[in-house]
Amino acid sequence: MMRNEWWKRWFIAPLLAIALVVAGCSADEPTSTEQENEAVVEPFMTMEDATGETVVLEREPETIATLLPSNTEIVYALGLGDRVVGVSEFDTYPEEVEDVDVVSGMTLNVESLIEKAPDLVLAHEMQMDAAEGLKQLREAGIAVFVVKNASNFDETYETIAQIGELTNRTEEAEQIVATMQQRVDAVFEKTKAIETPRRVFIETSDVPDIYTAGANTFPDEMLSFLHAENVVTEDDWFAIDPEVIIERNPDVYIIMYDYVPDIVERVKARDGFSTIQAVRDDRVVQLDEDLMSRQGPRLVDGLEQLAEAIYPEWME
């Protein structure tokens, strides 16, 4: 009997030791499944920009640089002004942008942006002359997202939603868009009963090269919302001869820039313009260009000011 017990101790003891070692290893080391789960860390956001570039954000951006005023206005409207570390020299709204470093203008300040290393740079499709600079930013590990050049309200809504998604402000973006749509609808309803639409000409630059807004532009779309008629039927923005403007004889003459002093009186005094109905009825009106052209939340402000200029009696 003593011999049997010795045999059991000799045979079982090593097995117990091995079992304890295996158990210890199992408790201390993760399984292959656990290791795989720990290794896979999903990025915060992956999205394709206007150039087809796939932009990956590892986390919600805490610092943002915007390279165009419309981008800046959207970011501030989303409540992210405290995260903005760089803007363009053309930014004027909101007032807080005056205290933010300028990183973009006629040229892109690549060195300053690399030094700031923002989590997200919001560029724009209109800035493709800065493509080399944007490439340098990407090579430095900075996420650059090129925003589409919106050509109408619907595309602007999409841009706002897109930037909202990039910055984890989806609900705020949806609210901004909903408010804009409500205000557009309100103006549409006020003017839809007008039986005789007023004919409008929109001037975007002074002589000698007078430019105007034709079809497929924001001002033209605004006129359609107001049940007004654009006397220009040609496509896009283009130069137009003064004689053609006189011939088309608009009821309302809109000036969409402010770089020329006393421009309203200068337009009225042009040769032959005294015969234009808008001049005779004193309906030559200068509007805020930023509100009429920046692809952001204030476009609806531009629509409302345009409505006041064309149909003041209907907007009271």
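Give me the residue from segment 236-257 that is under 25 Å from Arg294 (Cβ atoms), of a type outside the set (A, V, I, L, M, F, W, C) and modelled with pLDDT of 95 or more and, out of that set, farthest from the chain's Cα centre (by Cα).
Checking each candidate, the answer is Pro250.
Which number in (1) touching a residue at least 60 places away in the same chain (Cβ under 8 Å); (2) not in a strand (DSSP E or B) marks the one condition that Phe188 misses?
(1)
Is there any pair with a first residue in segment 46-68 that is in the same structural domain as Gly79 (by TED's automatic domain parsing) and assigned to a strand (DSSP E or B) and a second that is loosely packed, with under 13 Cβ neighbours inside 10 Å and modelled with pLDDT under 95 whose Cβ atoms are under 7 Å apart and which are 6 or more apart or on different chains, and what are they?
From segment 46-68, the pairs are Val56/Pro43; Leu57/Pro43.
For segment 180-210, give me the residue count where each residue is over 22 Å from Asp154 (Cα atoms) and either surrounded by 10 or more Cβ atoms within 10 Å (Cβ to Cβ) or among the basic types (Lys, Arg) (or both).
Result for segment 180-210: 12.
Identify all residues within segment 82-104 that are more than 22 Å from Val55 (Cβ to Cβ) and under 17 Å from the mean Cα position of the chain (by Cα); write none if there are none.
Selection gives Glu89, Phe90, Asp91, Thr92, Tyr93, Pro94, Val97.
If I ask for residues that are among the aliphatic types (A, V, I, L, M) and touching a Ser or Thr at 6+ places or on another chain (Cβ under 6 Å), which ones from segment 148-174 would you list?
Correct list: Ala150 only.
Quick one: would you say Asp258 is closer than 26 Å to Pro197 by Cα and surrounded by fewer than 19 Cβ atoms within 10 Å (Cβ to Cβ)?
no
Does Tyr253 satisfy the condition of being among the hydroxyl-bearing types (Ser, Thr, Tyr), buried (at least 21 other Cβ atoms within 10 Å of the Cβ) and touching a residue at least 12 places away in the same chain (Cβ under 8 Å)?
Against the criterion (among the hydroxyl-bearing types (Ser, Thr, Tyr), buried (at least 21 other Cβ atoms within 10 Å of the Cβ) and touching a residue at least 12 places away in the same chain (Cβ under 8 Å)), Tyr253 qualifies.
Among the listed residues Pro61, Pro43, Pro30, which satisfies the condition of being over 30 Å from Arg298 (Cβ atoms) and either modelled with pLDDT under 50 or in contact with a helix residue (DSSP H, G or I) (Cβ under 9 Å, 6 or more places away or on another chain) (or both)?
Sole residue among the options that is over 30 Å from Arg298 (Cβ atoms) and either modelled with pLDDT under 50 or in contact with a helix residue (DSSP H, G or I) (Cβ under 9 Å, 6 or more places away or on another chain) (or both): Pro30.
Considering (1) over 16 Å from Leu303 (Cβ atoms); (2) of a type outside the set (A, V, I, L, M, F, W, C); (3) outside any loop (DSSP other than H, G, I, E, B); (4) touching a residue at least 12 places away in the same chain (Cβ under 8 Å), say which one Glu247 fails and leave the rest.
Glu247 satisfies all of (1) over 16 Å from Leu303 (Cβ atoms); (2) of a type outside the set (A, V, I, L, M, F, W, C); (3) outside any loop (DSSP other than H, G, I, E, B); (4) touching a residue at least 12 places away in the same chain (Cβ under 8 Å) except (4).
If you go through segment 146-157 one residue at a time, do you hit one that is surrounded by 18 or more Cβ atoms within 10 Å (Cβ to Cβ), among the acidic types (Asp, Glu) and not assigned by TED's automatic domain parsing to the domain that holds Phe218?
no
Looking only at segment 220-238, decide whether some residue is surrounded by fewer than 16 Cβ atoms within 10 Å (Cβ to Cβ), part of a helix (DSSP H, G or I) and assigned by TED's automatic domain parsing to the domain that holds Pro297.
Taking every residue of segment 220-238 in turn, at least one turns out to be surrounded by fewer than 16 Cβ atoms within 10 Å (Cβ to Cβ), part of a helix (DSSP H, G or I) and assigned by TED's automatic domain parsing to the domain that holds Pro297.
Would you pick out the residues in segment 258-316 that are farther than 30 Å from Leu67 by Cα, of a type in the set (D, E, K, R) and at pLDDT 95 or above?
Asp262, Glu265, Arg266, Lys268, Arg270, Asp271, Arg280, Asp281, Asp282, Arg283, Glu308, listed by residue number.
Quick one: count up the residues across segment 261-279 that are outside any helix (DSSP H, G or I), over 36 Å from the mean Cα position of the chain (by Cα) and surrounded by fewer than 17 Cβ atoms within 10 Å (Cβ to Cβ).
Result for segment 261-279: 4.
If you go through segment 115-150, how many residues are among the aliphatic types (A, V, I, L, M) and farther than 21 Å from Ile163 by Cα?
Final tally of qualifying residues: 1.
Is it true that some residue in segment 213-224 is over 22 Å from the mean Cα position of the chain (by Cα) and of a type in the set (D, E, K, R)?
Scanning segment 213-224 turns up no residue that is over 22 Å from the mean Cα position of the chain (by Cα) and of a type in the set (D, E, K, R).
Kindly evaluate Glu195 against the criterion of being among the acidic types (Asp, Glu), over 22 Å from Leu299 (Cα atoms) and outside any loop (DSSP other than H, G, I, E, B).
no
The values are calculated or read from the model by the stated rules, or taken from the named source; none is laboratory data. In this text the structure is predicted, and so the values were computed from the model without any measurement. Every residue, glycine as well, gets a Cβ built from its backbone with ideal geometry; the counts of neighbours run over all protein chains shown.
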